[in-house]
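Student: Structure below; questions to follow.
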Amino acid sequence: MENLYWTNVYWSEELFRIFGFDPNPTPPSEVEIVGRLHPEDVLHNKPLVDQAIRGRSDFEVDYRLLLPNGAAKYIHVVGHPVVNASDDVIEIVGTAMDVTERKRDEEKLRRSEADLLEAQRLSHTGSLKHDIASGRVTVSPEVYRIYGVRPDEAESNAEFWLNRTHPEDAKRIQELFEECEIQKNRL
């Protein structure tokens, strides 16, 4: 059985800062690093690194850190096992990036999108987005309900949705749609 124990040889000052360790000539041990991981993330982080060593394959993982001051951080890690001529892993070269701000922004966006969908559901309104370059139309779930269309029968093009307009309104809606396309192209 291969020994999957590893030690750190070099850490940049930035890596010490990200993990909340005081810069030191000796990098933290595996035990110290694992001690900073969020308890829920410890279970899948080490097996992922161990598999990368066994498979001599690159790895990429996101996980959370819990720092001694109580702060939490999201980290994105990319690693590459380096092998010698005998195909033994002699080191792992990698980097860690603090992606906390990005993760928080993504969560805000998810909440905002969920709020918008809920507002559309409650107000019985929907939204439609037309990508002019591809011609693809994306609609919110409420549009399916309004038009009485199931998602699996809908086409992702403007014509599909314009053809569902009442005949008395079709010309006016088509003109409005075309005017919006012109204005959108000007932006």
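Student: Kindly evaluate Arg102 against the criterion of being open to solvent by 40 Å² or more (accessible area, probe 1.4 Å) and either more than 22 Å from the chain's Cα centre (by Cα) or within 30 Å of Pro141 (Cα to Cα) (or both).
Tutor: yes
Student: So, of the residues in the stretch 33-90 that are in a strand (DSSP E or B) and among the acidic types (Asp, Glu), which turns out to be farthest from the chain's Cα centre (by Cα)?
Tutor: Going through the qualifying residues, I end up with Glu60.
Student: Only residues that are farther than 18 Å from Asn163 by Cβ and open to solvent by less than 80 Å² (accessible area, probe 1.4 Å): list them for the stretch 119-133, please.
Tutor: Those that are farther than 18 Å from Asn163 by Cβ and open to solvent by less than 80 Å² (accessible area, probe 1.4 Å): Ala119, Gln120, Ser123, Thr125, Ser127, Asp131, Ile132.
Student: A further question on this structure: Which residue pairs have Cβ atoms closer than 9 Å, lie 6 or more positions apart in sequence or on different chains, and pair a first residue in the stretch 29-47 that is farther than 18 Å from Thr100 by Cβ with a second residue that is exposed (fewer than 13 other Cβ atoms within 10 Å of the Cβ) and among the aromatic types (Phe, Trp, Tyr)?
Tutor: From the stretch 29-47, the pairs are Glu30/Tyr5.
Student: Now a separate question. Based on this model, can you work out whether Ser57 counts as modelled with pLDDT under 95 and over 30 Å from Trp161 (Cα atoms)?
Tutor: Yes, satisfied.
Student: Just one of Glu181, Glu168 is open to solvent by less than 90 Å² (accessible area, probe 1.4 Å), part of a helix (DSSP H, G or I) and acidic (Asp, Glu); which is it?
Tutor: Glu181
Student: Still on this structure: Just the residues that are open to solvent by 100 Å² or more (accessible area, probe 1.4 Å) and closer than 21 Å to Glu118 by Cβ, please, taken from the stretch 151-165.
Tutor: Matches in the stretch 151-165: none.
Student: If you don't mind, there's one more thing I want to ask. Considering every residue within the stretch 133-147, establish whether at least one is without any contact (Cβ under 8 Å) to a residue 60 or more places away in the chain, touching a helix residue (DSSP H, G or I) at 6+ places or on another chain (Cβ under 9 Å) and acidic (Asp, Glu).
Tutor: Yes, the stretch 133-147 contains a residue that is without any contact (Cβ under 8 Å) to a residue 60 or more places away in the chain, touching a helix residue (DSSP H, G or I) at 6+ places or on another chain (Cβ under 9 Å) and acidic (Asp, Glu).
The values are calculated or read from the model by the stated rules, or taken from the named source; none is laboratory data. All values derive from a computational prediction rather than experimental measurement. Positions of Cβ are backbone-derived with ideal geometry, glycine not excepted, and every protein chain shown enters the neighbour counts. When the accessible area is computed, the model is the full protein with side chains, heavy atoms only, and any ligands, DNA or RNA have been set aside. Shrake-Rupley method; radii C 1.70, N 1.55, O 1.52, S 1.80 Å.
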